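The values are calculated or read from the model by the stated rules, or taken from the named source; none is laboratory data. Keep in mind it's a predicted model, so treat the numbers as computed, not measured. No Cβ is skipped: glycine too gets one built from the backbone with ideal geometry, and neighbour counts run over all protein chains shown. Note: accessible area is taken over every heavy atom of the protein model, side chains too, but ligands, DNA and RNA are not part of it. Shrake-Rupley method; radii C 1.70, N 1.55, O 1.52, S 1.80 Å.
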Amino acid sequence: MGQVRGALGPPGPLRVTAIASLTPLEELDDDPFLVDSRSQHAMCARWAAERGYVVTRELLVRALRPDHGVLWEGVRPGRDLFVAPSLRVLRSALSSVDEFTAECARRGVRVETVGHAEPSYDAQMKARVHRRLSMPTAGYDGR
């Protein structure tokens, strides 16, 4: 006799919400990685791909409340997880990492950090980030 599955069918791969920090361009010289949200999201995407997961949402936030609806919209226990490049990024992106991880535990949703080393930024890399963020409406794609 075969397995009976619910009306939704098989669970499929885990869906990942990648969290990046929305840090002002003015902080580029002091903390380029926190400003470079593209690199933060790329780090999360690589982490997810290595595990066979699918990034379905990319959040770009700063000091967001752990109970804010944008975090939890459509999130399902056992089917979704949150990932950020590092605890440092989570501390910038959320108003309280402790409250967020407690809320994740309460809702049955995993939260992970990538844990890879952050890239080192030279003047040329900082200049690319600056151009990309200062000219978004001019059609500049960041290359």
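Quick rundown of the values:
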| item | result |
| --- | --- |
| Dimensionless Rg over Rh [the chain; C-alpha; Kirkwood] | 1.04 |
| Highest-fluctuation residue, Arg38, Arg106, Arg79 considered, GNM on the chain with Cα pairs under 10 Å | Arg106 |
| Extension gain, Glu26 back to Trp72 (0.36 nm per residue minus Cα-Cα distance, nm) | 13.6 nm |
| Loop-located GluC sites (Glu not before Pro) in segment 33-82, at most 11 other Cβ atoms within 10 Å (DSSP) | Glu73 |
| Surface share of carbon and sulfur [accessible, 1.4 angstrom probe, percent] for the chain | 52 percent |
| Top of His130, His41, His68 by mean-square fluctuation, Gaussian network on the chain, Cα under 10 Å | His68 |
| Under the Debye formula (equal points on every Cα, no solvent term), log10 I(q)/I(0) of segment 49-130 at q = 0.15 Å⁻¹ | -0.62 |
| Per residue solvent-accessible surface (Å²) - segment 76-116, probe of 1.4 Å | 49 Å² |
| HN-Hα J in Hz across segment 118-125 - Karplus 6.51, -1.76, 1.60, θ = phi - 60°, x for Gly and Pro | 6, x, 8, 9, 9, 4, 5, 5 |
| GNM result for the chain, Cα springs below 10 Å: residue of Pro119, Pro85, Pro32 fluctuating most strongly | Pro119 |
